[in-house]
Amino acid sequence: MRIDRQAVYKKYNGRCSYCGMEITIKQMQVDHYWPQFLAHHQPDKDNNREENLMPSCQKCNIHKHGMKPEAWRSELERQVTMLRKSAQFDRALRFGQVKITEKPIVFYFETIFWEG
């Protein structure tokens, strides 16, 4: 099945479905919400169906890789803990260049409500 890139791009109005960054159609990468390598768990469903295809910026798509969204959310939530081990991050924190917030990871697509 051929993927309709324009339809995927329009799905979230030219934004990455994960971080919400504005992207051009040329920058957009098509991500599979339910990862392709897990398609064998749902053999009755076409993994390239429109509802499974998400517009993504390169950074989100590369980092999510083959993770399910909830596994990736958990990975993202551990980022600050990993960064705190870095001397550069610790220094930036002490000099007030960065601030740690206890904010849950909410993907952009979770903030959009569609009429329909």
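The numbers here are math on the coordinates, done by the rules we state, and not lab data. All of these numbers come straight from a predicted model, not from anything done at the bench. FYI the Cβ positions are ideal-geometry reconstructions off the backbone, even for glycines, and counts take in every protein chain you see.
Table for the structure above
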read-out	value
SER86, SER56 arranged by Cβ crowding within 10 Å, fewest neighbours leading	SER86, SER56
Most fluctuating residue given options ARG91, ARG73, ARG49, as computed from a GNM of the chain linking Cα atoms under 10 Å	ARG91
For the chain, built as a Gaussian network whose Cα springs stay under 10 Å, the top-fluctuating residue of ILE62, ILE100, ILE23	ILE100
Excluding exposed DSSP-loop GluC sites (Glu not before Pro) (at most 15 other C-beta within 10 Å), longest clean stretch of the chain	1-101
Taking the stretch 5-111 and dividing mean pair separation by its residue count, relative contact order in percent (alpha carbons under 8 Å, at least six apart)	31
Label selected from (1) 14.9, 52; (2) 28.9, 103; (3) 16.7, 54, the criterion being Rg and Dmax of the Cα atoms in Å as computed here	(3)
Lys/Arg +1, Asp/Glu -1 at C-beta; the chain dipole; positive extreme among GLN29, ALA7, GLN58	GLN58
For the chain, built as a Gaussian network whose Cα springs stay under 10 Å, the top-fluctuating residue of GLN79, GLN58, GLN88	GLN88
Packing-based exposure ordering (other Cβ within 10 Å, fewest first) of ARG2, ARG94	ARG2, ARG94
